[in-house]
1. How many residues does the range 133-171 hold that are open to solvent by less than 30 Å² (accessible area, probe 1.4 Å), of a type in the set (Phe, Trp, Tyr) and more than 25 Å from residue 34 (Cβ to Cβ)?
2. For the range 155-184, which residues satisfy the criterion of being touching a strand residue (DSSP E or B) at 6+ places or on another chain (Cβ under 6 Å) and more than 12 Å from the ligand (Cβ to nearest atom)?
3. Taking the condition part of a strand (DSSP E or B), open to solvent by 10 Å² or more (accessible area, probe 1.4 Å) and either within 11 Å of the ligand (Cβ to nearest atom) or in contact with a helix residue (DSSP H, G or I) (Cβ under 7 Å, 6 or more places away or on another chain) (or both), does residue 130 pass?
4. Restrict the check to the range 97-105 and report whether at least one residue is under 14 Å from the mean Cα position of the chain (by Cα), within 9 Å of the ligand (Cβ to nearest atom) and in a loop (DSSP other than H, G, I, E, B).
5. Out of (1) open to solvent by less than 20 Å² (accessible area, probe 1.4 Å); (2) at pLDDT below 95; (3) assigned to a loop (DSSP other than H, G, I, E, B), the odd one out for residue 110 is which?
6. With the requirement that a residue be without any contact (Cβ under 8 Å) to a residue 40 or more places away in the chain and either assigned to a loop (DSSP other than H, G, I, E, B) or within 8 Å of the ligand (Cβ to nearest atom) (or both), what does the range 145-154 give you?
7. Report the residue count in the range 155-175 for those that are of a type in the set (Ser, Thr, Tyr) and outside any loop (DSSP other than H, G, I, E, B).
Amino acid sequence: MPTELHPDIERILIDTDPIRARIKELARELEKAYPHRAPTLIAILKGSVIFLGDLMRELKLECEVDFMGLSSYSGNKSTGVVRLLLDLRESIQDKDVLIVEDIVDTGLTLSYLQQNLLTRKPRSLEVVTLLDKPDCRKVRMEPRFAGFRIPNEFVVGYGLDYNERYRNLPYIGVLKPEAVARGGKA
Ligand code: IMP
């Protein structure tokens, strides 16, 4: 059945089925990378929660989960200033930590986060991101596991928002210019 398009979406960049299929592949990659280990998945709020839920259900290995809240975006622009909004509940000392991100854009959020987490002495620290926009980097950042490389376009859906809307769309899409101009709100 064709995907029903939200009226503010101009086009779908990645549809639900390819996302699901790629997450299965990522889960197999992670199982190979963490044999006999129970990594701690650290999901970055709020954009990565849907990815985290789908990835965790695919993973056939023991794992723990914790959350961090970071913010660097205002509307559809990166401010370049990363703020820590919510910290971890558990210590990550000597743990195998896997940061779960929705998208890597400038790389500033992740590089701030990696520096912050390394001071807590994890045994290992890696990144899995659903989307990667490599053309937008302002700092060097190579996520070890990445779902899809996408061009330099602002996307919403599958957890990603524009002014807090569209996170619940089951696909990754590009907004119509008029929806962007309205600020995403009706
Ligand atoms: P970075 O610090 O520029 O790499 O941005 C990372 C964060 O910016 C992501 O975790 C998202 O929350 C947000 N972001 C970057 N690009 C997009 C996009 O295309 N759509 C929605 N949010 C985005």
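The values are calculated or read from the model by the stated rules, or taken from the named source; none is laboratory data. What you are looking at is a predicted structure, and each value in this text was computed from that prediction instead of being measured. Cβ atoms come from the backbone with ideal geometry, glycine included; neighbour counts cover every protein chain shown. Only protein heavy atoms, including side chains, enter the accessible area calculation; ligands, DNA and RNA are left aside. Shrake-Rupley method; radii C 1.70, N 1.55, O 1.52, S 1.80 Å.
1. 3
2. Residues satisfying the conditions are 171, 176.
3. no
4. yes
5. (3)
6. Within the range 145-154, 151, 152 qualify.
7. Qualifying residue count for the region: 1.
Results for (1) β-branched (Val, Ile, Thr); (2) touching a residue at least 60 places away in the same chain (Cβ under 8 Å); (3) within 16 Å of the ligand (Cβ to nearest atom), shown as yes or no for each residue.
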position: 22; (1), (2), (3): no, yes, no
position: 25; (1), (2), (3): no, no, no
position: 31; (1), (2), (3): no, no, no
position: 44; (1), (2), (3): yes, yes, yes
position: 47; (1), (2), (3): no, yes, yes
position: 54; (1), (2), (3): no, no, no
position: 60; (1), (2), (3): no, no, no
position: 72; (1), (2), (3): no, no, yes
